[in-house]
1. Output the relative contact order of the chain, whole-number percent, from Cα pairs under 8 angstrom with separation of 6+ residues.
2. Given a cut-off of under 8 Å on Cα pairs at least six residues apart, what relative contact order in percent is computed for region 104-183?
3. If you count only protein heavy atoms with a 1.4 Å probe, what accessible area per residue comes out for the chain, rounded to a whole Å²?
4. Over the Cα atoms of the chain, what radius of gyration and what Dmax do you get, in Å?
5. Kirkwood hydrodynamic radius of region 268-388 from all distinct Cα pairs, in Å?
6. Please give every one of the lysines within straight-line cross-link reach of LYS113, meaning a C-alpha to C-alpha distance under 24 Å, and leave out same-chain neighbours fewer than 8 residues apart.
7. Could you give each residue of region 223-228 its phi-based ³J(HN,Hα) in whole Hz, using Karplus coefficients 6.51, -1.76, 1.60 with θ = phi - 60°, and x for Gly or Pro?
8. Show me 135-146, 302-313 ranked by packing, highest mean number of other Cβ atoms within 10 Å first.
Amino acid sequence: MSAEAVYDCIVIGAGVQGSFTAYQLAKKGKKTLLLEQFVLPHTRGSSHGQTRIIRKAYDEDFYAHMLDECYELWAQLEKEAGVRLYRQTGLLVIGPENSRYYELVKTTLKKNKVPMVVLTRDNFSQHIPHVILDEGHGAVVEVPAGILYADRALKTAQGQFQKLGGVIRDKEMVTDIKPGPVVTVVTSSGAYQAKSVVITAGPWANRLLAHTGLELPLEVAKINVCYWKEKVPGSYDIEKRFPCFIQTECKESKEHIYGLPSNEYPGLMKICYHAGSVVDPDHRDQQTDRSDIDILQRYVARCLPGLEPKPAVVESCLYTLTPDRHFVLDCHPTYSNIVIGAGFSGHGFKFGPIIGKLLSELSLGEVPSYDLSPFRIRRFHGNTKSAL
Ligand SMILES: Cc1cc2nc3c(=O)[nH]c(=O)nc-3n(C[C@H](O)[C@H](O)[C@H](O)COP(=O)(O)OP(=O)(O)OC[C@H]3O[C@@H](n4cnc5c(N)ncnc54)[C@H](O)[C@@H]3O)c2cc1C
Ligand SMILES: O=C(O)[C@@H]1CCCC=N1
């Protein structure tokens, strides 16, 4: 194979993280190939659907720090491509006032000087109609938070990558990775070589890593994406400035419940449970557990009285969870030119542009722009399996 045919980098997986990594590499003038197993666009992984939340309301400061640049990069991409990707809605965070998580979220917002409004029991319903605030629960609105148009964002990142000369090959599954100073990537249609490889395979990460002798402690869960019908049309609509929300815990659940205002399907509000049932990503639709929907139904009936308490539409999406719910952003422990972006644990979309930047830096052997210690593989200690 001639030197010309060797890519600077091959990115495996064209979800949000792979697409932004490829785009960042192409921006740096690197010869980049983006491989995707399915025909694009597809709905089998984690990045499909019309909307995602962007927020700084985290219990960890380092996410809020990264989000400063994230907002800038999202705006930059909007300008570059001439498309709208972000819409401000505000994010209502509700939780037990004395709980550690709720306190930490408020602290992060304050520390990072994020514009916020603390609501009282007396003025809550005036600002947020059609929502019942539990006794002992506090409520705060993160003002700049909003939604990202997910499908459109993916298409835009991929389109900008191609405009910069990047190559996408979809319907091409990677079947083997042969490590070395030049890595060989074998697919269902051929073989390619690159100086470095980035694995952003979402729920399939461990299947690919097996070719490199590594197994990460990742669990794949199916999320039932539920849409709930407004009893009075418009009550929870984005046009009426209804915000996104996160209920950190409540009578029905210790896990987050989150929602986005009616937008993509008129009159239907998206509300999901931040946990699901373990699934093999190739057999997602055989997982028919609906216990999360039962929890949501009870919550909706009690706290969102303006919605029919039975989902009108249920779609599916996958989370790839790490034990601590922080991402994996690191080089392979044995092969430094194989970079891994995985385990986005149901909250990685908003970070797409910055993840792309960080993974491109790792793949080029550059010093990463942020401290990656929370995201390193070594934090799992004995919890990784290596066949090497
Ligand atoms: C219901 C739901 C709601 C969410 N809400 C939010 C939110 O509000 N805010 C937020 O920030 N995040 C949210 N997330 C999380 C976010 O969407 C994910 O973290 C993100 O999409 C993960 O992207 P990814 O690129 O890692 O994975 P994926 O999108 O799954 O991409 C991986 C890609 O790799 C491909 N691939 C795998 N194996 C191979 C192979 N062998 N060869 C070639 N290609 C391969 C796959 O086909 C896939 O296209 C949500 C997720 C879900 C499911
Ligand atoms: O990342 C997000 O903002 C959403 C909402 C909270 C739970 C997970 N995803």
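1. Details: 857 pairs, mean separation 88.2, N = 388.
Relative contact order here is 23 percent.
2. Details: 36 pairs, mean separation 20.0, N = 80.
Dividing the mean separation by the residue count of region 104-183 yields 25 percent.
3. Working: 16240 Å² over 388 residues.
For the chain, the per-residue accessible area is 42 Å².
4. Cα radius of gyration and Dmax of the chain are 21.0, 72 Å respectively.
5. Working: mean 1/r = 0.0580 Å⁻¹.
Answer for region 268-388: a Kirkwood hydrodynamic radius of 17.3 Å.
6. Reachable lysines: LYS56, LYS350.
7. 10, 7, 8, 9, 10, 10
8. Working: 135-146: 19.5, 302-313: 17.5.
Put in order of decreasing packing, that is 135-146, 302-313.
The values are calculated or read from the model by the stated rules, or taken from the named source; none is laboratory data. Keep in mind that this is a model prediction, so the values were computed, not measured. No Cβ is skipped: glycine too gets one built from the backbone with ideal geometry, and neighbour counts run over all protein chains shown. Heads up: the accessible areas ignore ligands, DNA and RNA and are worked out on the full protein's heavy atoms, side chains in. Shrake-Rupley method; radii C 1.70, N 1.55, O 1.52, S 1.80 Å.
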